[in-house]
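Heads up, the thing below is written out as structure tokens.
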Amino acid sequence: MSVDASHTTASTGLLQSLIGLILLFVALLAWGQPLSDLEKQRINAVLPEVSNVSDPVGEFGVRELKQGDELVGYAFETINVVNIPAYSGKPINSQVILDLEGNILDAYVLHL
């Protein structure tokens with residue numbers, strides 16, 4: 001009994017596509033979440049002039065931080081960029097707040 005190589009390749013490709021779609025769906029669900037109280041507090045502590053925080057946009061889910069219509073900074077969660085494993089092996093999710101030049105103003109752990 002022989003296994004058709006094209007059938008095996010097609011099955012593997014289908015499985016990889018399905019896994020990719022599931023991961024994309026999970027990421028989109030996470031991006032749709034509103035800011036937590038902790039995230040709001042940290043943004044306010046670092047950039048108290050921020051009056052508007054956008055929904056996450058782009059490949060890495062970056063939020064624009066604005067004072068009125070003026071852009072004053074950015075915020076993103078590291079889990080949308082890279083999985084940084086803790087000692088347990090589970091990823092650590094941190095919020096990073098940047099100024100307009102890309103300097104890190106604040107970084108703190110959201111979830112272990």
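The values are calculated or read from the model by the stated rules, or taken from the named source; none is laboratory data. Source: prediction; values computed, not measured. Backbone-built Cβ (ideal geometry, glycine too); neighbour counts: all protein chains shown.
Checked against the criteria, Asn80 counts as in the same structural domain as Gln95 (by TED's automatic domain parsing), surrounded by 13 or more Cβ atoms within 10 Å (Cβ to Cβ) and either more than 19 Å from Asp106 (Cβ to Cβ) or modelled with pLDDT under 90 (or both). Candidates Leu29, Leu47, Leu38, Leu21: the one that is under 21 Å from the mean Cα position of the chain (by Cα), modelled with pLDDT under 95 and under 17 Å from Asp106 (Cβ atoms) is Leu38.
Looking for something touching a Pro at 6+ places or on another chain (Cβ under 8 Å) and either assigned to a strand (DSSP E or B) or among the β-branched types (Val, Ile, Thr) (or both) - is there at least one such residue anywhere in the stretch 80-89? Even if it seems obvious, please write down each step before you answer.
Residues of the stretch 80-89 that are touching a Pro at 6+ places or on another chain (Cβ under 8 Å), as a first pass: 80, 83-85.
Still in the running and either assigned to a strand (DSSP E or B) or among the β-branched types (Val, Ile, Thr) (or both): 84-85.
The answer is yes; a qualifying residue exists.
Against the test of being surrounded by 12 or more Cβ atoms within 10 Å (Cβ to Cβ), assigned to a helix (DSSP H, G or I) and of a type outside the set (Lys, Arg), the options Ile43, Ile97 yield a single qualifying residue, Ile43.
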